[in-house]
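Quick note: the coordinates plus some simple rules give every number you see, no bench work behind them. Since the structure is predicted, the reported quantities are computational estimates derived from the model, not experimental observations. Using ideal geometry, Cβ is built from the backbone for each residue, glycine included, and neighbour counts are taken over all protein chains shown.
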Amino acid sequence: MRLRLIRSEQLAAVGGVVACLAHEINTPLAALLGSIEIMQEIVTSPREAATGADATRDELRGLLVDCGNMVDRIRELMIAVRGMSRADEKEAVAFDPLRAIRDAARVFAIARRRRCHLDLSLQAVPAIMGSPGRLGQVILNLLQNGLDASTGEARLLVTAESIGSEVRITVADHGAGIPADIGPHIFEAFFTSKGVDEGTGLGLYICREIVTAMGGTIGFETSPTGTTFRVDLPSYCPERVR
């Protein structure tokens, strides 16, 4: 049941940004189709006699470069979404946490770019053991919480650094902070301050479940000027795994 909750919440987190991502994908797709139509017109019309063969080739080269750029953009989006949504619960692997952070941040920033400004400050860190997809889910949930806690255009910051034998990841917002009476309960299952129509009360509970399963801890610091969630995960140590 715990794994099912984690999986369903993971899919819900990714699904929450799918509509926005669809718009972001449609934009380069429309540009790609437009460029293809222009190229078809060029090769099927007698423009070469009027403009010259060299000019025609240059125009086609420019359009092909534009097409390549649009395809690259779509591919980057798909890679990020795939990294966030893959089902890799069955066994832990050693992975680079920075890639998981960047994938989650890219998906979130693209989907919410009109509502927030997202910064990354990522130092070189060692590998950790666990699930890249699940870590991405944690980051995505914490970013969404930061956005929900902010008024106007949110400013969010994700950091990563090596602290002794652990990797520390933080997600900070500039919202109004977590009220003192709510703080002790935010990691409890089905507890939400967003209202029944906006929150399931499982997001932070699932975050704690994932982090704990990876041998780490999650906590937060809050004030009237913002909240910072802190995730500490043990660095990968082959001797420890054996």
TODO: Report the FRET efficiency, 1/(1 + (r/R0)^6), for C237 and A189, where r is their Cβ-Cβ distance and R0 is 35 Å, rounded to 0.05.
DONE: 0.65
- [ ] Using only Cα atoms, locate the centre of the stretch 214-230 and the centre of the stretch 147-175, then give the distance between them in Å, rounded to an integer.
- [x] 8
Task: Where labels lie 7 Å past Cα in the beta-carbon direction, separation of Q123 and E59 in nm - done: 5.5
